[in-house]
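Before I ask anything, here is the structure I am working with.
Throughout, read-outs are computed from the coordinates displayed, never taken from laboratory work. Treat the numbers as computed from the prediction; the structure is a model and nothing was measured. Positions of Cβ are generated from backbone atoms using ideal geometry, with glycine treated the same way; all protein chains shown enter the neighbour counts.
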Amino acid sequence: MALKRREEDWRTDRRKTPPKYKTYPTPSRDSDKRMMARFLALTATEGGLMKWNKEPVPFLVALQIGWNLPMDVVGAGVYGGIVKRDSNGKIIIGDEWPEDNRAPPAHNPVHSTGPYLDFSKLTQESRGYTKIATVIMAGKVAKLEALLESAGSEQERRTLANLVMSGGARPLHMCGMSRGGDSTELIRTLIKYGADVNAKDNYEMTPMDRLASNSVTGNELLRGHGAVPGRRLPRGVPDWTADEFDYTGPGETGGEYF
């Protein structure tokens, strides 16, 4: 069954569980990194460019950072990637990633526009993911706390703990993609720094939904802090261009990736 249909079914049937959403595994071998370097070096003459938000994404790169429908796997273009912002850190809205990795219409059946990947920030090391997303997906609790502390003031740390990424993902949503199957300590750390346990992504899914979709442990802790599934909240998503989501600090780009 197509992911698009599964998303629509879940939104209209409370008995169903949210669809799975797994990210591509982090490249750990030199050969994987060389392959990504090769893809990043591709030009329009080698497979053509996507026609998406005026971003110069070679199609063969798009295949590596977008959808893999047969495997039910997604990359930073779809979820957890560095979003396009203006010089003041305000999120720019555009088309969601297309299901065919080539051109609209968007794959997202709930909201076709939203925060989208800033391809200019994609590197061989990051693969387009935010720094905080890679720390979370690697399950590095101590490094997550250090990263949050590095943000500066209490308000800046809170903003990083609620950082908006491609697909409207927040750090708590990315806990559903963490290694080891138990994200409880990652969640505890994010809540300590002010993460919103009922934040919605651009599919109107909360962190509880994302953890459940990938059978990742941690929902008991979220529930203890008042978290609920997205279907129990009023319909709609945040105004992604609101000042509260502006960000220019550490944790989004730069530094060591995992």
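Rounded to whole Hz and in sequence order, give me ³J(HN,Hα) for region 229-235 from the Karplus expression 6.51 cos²θ - 1.76 cosθ + 1.60, θ = phi - 60°, writing x for Gly and Pro.
Values, residue by residue: x, x, 5, 8, 9, x, 5 Hz.
Another question, if that's okay. For a quick check: with amide H placed at 1.01 Å from N, whose amide H comes under 5 Å from Val83's, ignoring anything fewer than 5 positions away on the same chain?
Under 5 Å from the amide H of Val83 lie the amide H atoms of Asp118, Ser166, each far enough along the sequence or on another chain.
Report, in listed order, any pair from Lys143/Lys192; Lys84/Lys143; Lys51/Lys90; Lys54/Lys121 with a Cα-Cα distance greater than 19 Å.
Lys84/Lys143; Lys51/Lys90
If I stretch the segment between Ile92 and Glu220 completely, what's the gain in nm (0.36 nm per residue apart, minus their alpha carbon distance), one decimal?
Answer, rounded to one decimal: 42.6 nm.
A further question on this structure: Between Thr113 and Leu233, how many nm apart are label points set 7 Å from Cα along the C-beta direction?
Distance between the two pseudo-spin positions: 2.2 nm.
Put a dot 7 Å past each Cα toward the Cβ at Asp246 and Asp100; how far apart are the dots in nm?
For Asp100 paired with Asp246, the spin-label model returns 3.9 nm.
OK, next. In whole Hz and in residue order, list the ³J(HN,Hα) couplings for region 50-56 that follow from phi through the Karplus curve 6.51 cos²θ - 1.76 cosθ + 1.60, θ = phi - 60°; x for Gly and Pro.
4, 10, 8, 6, 6, 8, x
So how far apart, in nm, are the two label points at Ser120 and Gln155 if each is 7 Å from Cα heading toward Cβ?
2.7
Also: Apply the Karplus curve 6.51 cos²θ - 1.76 cosθ + 1.60, θ = phi - 60°, to the phi angles in region 87-103 and return the couplings in whole Hz, x for Gly and Pro.
Along region 87-103, the couplings run 5, 9, x, 7, 5, 9, 8, x, 5, 5, 4, x, 5, 8, 6, 10, 6 Hz.
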